[in-house]
Each structure stands twice: as structure tokens, then as C-alpha cells.
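J.: Below: one structure in C-alpha cells.
The values are calculated or read from the model by the stated rules, or taken from the named source; none is laboratory data. Small disclaimer: the values here were computed from a predicted structure and weren't measured. All Cβ positions, glycine included, derive from the backbone under ideal geometry; neighbour counts span all protein chains shown. We work out accessible area using only protein heavy atoms, side chains counted, and drop any ligands, DNA or RNA first. Shrake-Rupley method; radii C 1.70, N 1.55, O 1.52, S 1.80 Å.
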Amino acid sequence: MRTLSRRLFLKVSASAAATLALSKLSTALAWAEGFYREPPWKRKKPYWGFGVDIEKCIGCGRCADACKTENDVPREPFFFRTWVERYAVYKDGQVDVDSPNGGIDGYPALQDPSALAKSFFVPKLCNGCENSPCVQVCPVGATFKTEDGVVLVDKEYCIGCRYCIQACPYGTRYFHPVLKVADKCSMCYHRLKRGLDTACVEVCPTGARLCGDLSDPGSGISKFRENNKVQALKVHMGTEPKLVYKGMDKEVR
Amino acid sequence: MKDIRHLTHVLAAFVLVTGAFLVIRSLVKPHSYGELGRYRADAVDEIKALPFRYAGKAAQPRCGACHKEQFQAKKGSSHRNIGCETCHGALAAHAEKPAGPKPRKPAESEVVAFCLRCHAKDPSKPPRFPTVDPRGHNPDTPCASCHPPHAPKL
């Protein structure tokens, strides 16, 4: 009888293991890919999202005002958790964007309305990125994404290094001049958790803003995403925002 | 046998440094750090517990219990979808304790600018939204003298 040499034994078992691993690998990869592509709100409940209907926004700025009241954001015109930008696209291709005091006190008249191609208001706020750059760069774990998908700042733990302010591609963070920490839209987490809408949603007179639970197919936000053609900001950055806009123009940055 | 001392020295240094690291870490690490992820789990509860200032639209029937007239007028009007607090400011505290500071009511002189914030003609506004030209639409009379704010359509 031929005896199995140690070398042969090792060779055979190694190749058997490799074959087995390879055949499993493809299933494992397929599973991992499915897991990665599947939105987290299929697995987690609740999971908060936000929507803005640009075609309904009248630029009254009540949202930016209410946000400051609700969240103790300093009144000076440099600090905003949410603000409303006015876009003016002229026939010659020029695009002007302004947001004096976040839109709270209204907007000056456009210089030349007759040369205007189109103009609209775009409310801005935290995009609730799934892959948030601000969370990634925080050196101490003071910015984080909760189990239900909201990006928050732990103001006790923030060291005020401002990396996250630099990292946010949407410019939705500011440095709180009194607390000396980074601050941002919390999607009024304290309200969501009490069953209330965010302050900006509560005061919006036209229903241009909405927040809600993405894991509930019957929620307003799920219907909004399902029934409208929606788009997110700067999708090419791979941040996977959970904030979506309806009726967004290509000029919006 | 003498050579083993090289090893023991390195080992001792390693144990010392690791031990010091663990001790310092346990001293400076907040106690809930890492429970849910790379952050302080307590922060979530702290943020959850923050006070809220806007009572919200869901509370409007409560406003209506005391302010029947305005509530009923607004219910069927073209301002029905606007929360009381959009115009009157944050009133959660007032709804709890009406005896407290008096809520804001736009003064007569303010009301025109206040209505126009939403209703002034503006090429940036969606065309479907009802707007008026402030210079053409009864410029000398306060809006509220014709349009009751809680049921503005004439």
C-alpha cells in the first residue's frame, strides 16, 4: 500500500481547502454585496430621513428662524443648522446664489429680473450621509451616526478641532462661538424621539420640508421618495445622503 | 543563559507600556464609550433629553381649546396648513403654562411686512403660490384690516 507522505498530505488538504474556500467565497461575496447595497432602513427600525420639495419652497425663512429658536443656535448671521439659498439662473448662463442671514429676513430684489431664466429657493441642512465624511474624520468620536441613522455631535466630548467642518462637502457645520464645539443639524433628534416633527418641518407653511421614518413604507418620507423623482446633492462624492430633493436643478450645489 | 536577559528586558518593557496604556485608557475613557460604536452612548440620551420649544402642529387642538375663535377660523381657511407657531413663534411653554410670558403677536405695524414675507411677489417663488405686488395691492391699508390672518381668503 502506498503511504501518504506528509508533503502529499499537506498539498492535497491545502488544495481541497482552497477549492472549498473559493466556492464559498462567491456566495459570501454576493451576500456581502447585498448587505452593502441594501439600505440600512431595511434592517433597522426606525431610520430617519428627510425630504425637501423645492417646487413648494417660497423662501420665507421660517425654518431657519425656528431652527435657531429650537436649538439655541446663535442669532448672528454666520451660524446656521439650516438656511435657505436663493438661486438665480440668468439667460446668459450666469448663476447667482445668495442667502442673506439664511433667508430669515427675506431677500433683496434681483437686479435684473427680465434677464432671468429661472429662479428658486433651496433649503439646506445636514444631508444625513450614510458614509459621512464628518464622522470619519472626527479624531475623538464626538461626531457619530446613531443606530437610527442621524448624525449627531457629542458636545461634551468634542475637542473643537474643526476637522468635521472642513470635511462636510455640504457646508452644513459651523463652530459654535459660545460652546466652542462643532455644531450641526441634529434633525431635532430630541423632537423625533418624542414623536414630534423637526422644528423646521413644523413651521414650514407650504409643506416643502418633511422628515420621517424610512423603515416605514407608509410614512410621508417613504411615499415622497417613492412617488417623486428625487435627487440628492453631490452624489459623486459617495457620501450617500439621506436628504433628497424634489425638483432640483443641475445648478444646485 | 545570559542571553535570556535581552528577552526579559524587552518583555518587561512591553508589559509595562501595555499596562500603563490600559490604566490610562480606563481612566480617561468615558464609561459608555464603545457601547454602541465609536462614541459615547450616553450622548444619545443627553441629546434626546434636550428641551423642545415648539409644541408642533399636533398640539393645535390644544391651542384651540383656549383660542376657539382662531382655531375654528383657521381650520377651514387657506391658512389651514400653517401651524399657529409659524406666525406666533415657539409656544410649547405657553401651551403648558398660559400664565407665563405673553406670546408674540405681530404688532399692527409689523403685520404688513409679516404677511409680505410670504406673499410679496417674487420671481423666485413657485408661480402657483398666491402673491401680490406690495406697491399695487392696497399699499396704504394694513393687510389684516381686510384679510383676517386666521382666515385670509376674501
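J.: Between the chain alone and the structure with every protein chain in place, find the residues of the stretch B:36-81 that drop at least 40 Å² of accessible area; heavy atoms, 1.4 Å probe.
T.: B:39, B:40, B:44, B:47, B:48, B:50, B:52, B:53, B:54, B:57
J.: Can you tell which of A:53, A:92, A:148 shows the greatest fluctuation in a Gaussian network model of chain A with Cα springs below 10 Å?
T.: A:92
J.: Can I ask one more? Can you give me the % of accessible surface on the protein assembly as shown that is carbon or sulfur? Probe 1.4 Å, all protein chains present, nothing else counted. Each step should come with its number before you reach the end.
T.: Working: 14280 of 23750 Å².
That fraction is 60 percent.
J.: So with the 1.4 Å probe, I'd like the accessible area per residue for chain B, rounded to whole Å². List each step's numbers first, then the result.
T.: Numbers: 11070 Å² over 154 residues.
Averaged over the residues of chain B, the accessible area is 72 Å².
J.: Okay, next question. Taking 0.36 nm per intervening residue step and subtracting the Cα-Cα distance, what contour gain separates residue A:109 from residue A:35 on full extension? Provide the component values of the computation, followed by the final result.
T.: On the way: separation 74, 0.36 × 74 = 26.64 nm, distance 5.01 nm.
The residue A:109-residue A:35 span can extend by a further 21.6 nm.
J.: While we're on this one: For the stretch A:165-253, compute the number of Lys pairs whose alpha carbons are separated by less than 13 Å, excluding pairs fewer than 8 positions apart on the same chain. Please list the in-between numbers first.
T.: Details: A:223/A:246; A:229/A:246; A:234/A:242; A:234/A:250.
Summing the qualifying lysine pairs gives 4.
J.: Compute the distance in nm between two label points, each set 7 Å from the Cα along the Cα-to-Cβ direction, one at residue B:97 and one at residue A:76.
T.: Output for this residue pair reads 3.2 nm.
J.: Which whole-number value in Å² is the accessible area per residue of the stretch A:133-183, probe 1.4 Å?
T.: That works out to 44 Å² for each residue.
J.: If you don't mind, another one. So what's chain B giving for Rg/Rh, alpha carbon basis, Kirkwood Rh from the mean inverse pair distance? Provide the component values of the computation, followed by the final result.
T.: On the way: Rg = 31.2 Å, Rh = 21.5 Å.
Here the Rg-to-Rh quotient is 1.45.
J.: As a test of understanding, state the convex hull volume per residue of the stretch A:1-153 from its alpha carbons, in Å³. Mind dumping the intermediate values first?
T.: Details: hull volume 36.7 nm³, N = 153.
Taking the convex hull of the Cα positions in the stretch A:1-153, it is 240 Å³ per residue.
J.: Quote the Stokes-Einstein diffusion coefficient, in whole µm² s⁻¹, for the stretch A:133-183, based on the Kirkwood radius over alpha carbon pairs, a temperature of 25 °C and a viscosity of 0.890 mPa s. It would help to have the intermediate numbers written out before the result.
T.: Working: Rh = 10.8 Å.
This corresponds to a translational diffusion coefficient of 227 µm²/s.
J.: If each DSSP helix of 4+ residues adds -39,500 (n - 2.57) and the sum is divided by the residues in chain B, what number results at 222 nm, nearest 500 deg cm²/dmol? Provide the component values of the computation, followed by the final result.
T.: Details: 8 runs with 74 residues, N = 154.
Calculated from helices alone, the mean residue ellipticity at 222 nm is -13500 deg cm²/dmol.
J.: Label points 7 Å out from Cα along the Cβ direction at residue A:7 and residue A:43: separation in nm?
T.: 4.7 nm
J.: Roughly how big is the A-B contact, given as buried accessible area in Å² (both sides, 1.4 Å probe, nearest 100)?
T.: 3200 Å²
J.: Moving to a separate point now. In nanometres, what is the gap between the two model label sites at residue B:129 and residue B:65, each 7 Å from Cα along Cα-to-Cβ?
T.: My value for the distance between the label points is 3.4 nm.
J.: What base-10 log of the normalised intensity I(q)/I(0) is obtained for the stretch B:1-41 from the Debye formula, alpha carbons as equal point scatterers, at q = 0.22 Å⁻¹?
T.: Scattering profile of the stretch B:1-41, log10 relative to I(0): -0.72.
J.: Relative contact order for chain A: what is it in percent, counting Cα pairs under 8 Å that are at least 6 residues apart? Numbers along the way, then the final one.
T.: Details: 427 pairs, mean separation 62.4, N = 253.
Relative contact order here is 25 percent.
J.: Compare A:42, A:184, A:145 in a GNM of chain A, Cα atoms joined below 10 Å, and give the one with the largest fluctuation.
T.: So, out of A:42, A:184, A:145, the one fluctuating most is A:42.
J.: Next question, about the same structure. Give the span of the protein assembly as shown's Cα atoms along each principal axis, as three whole-Å numbers ordered largest to smallest.
T.: Answer, in whole Å and largest first: 110, 47, 43 Å.
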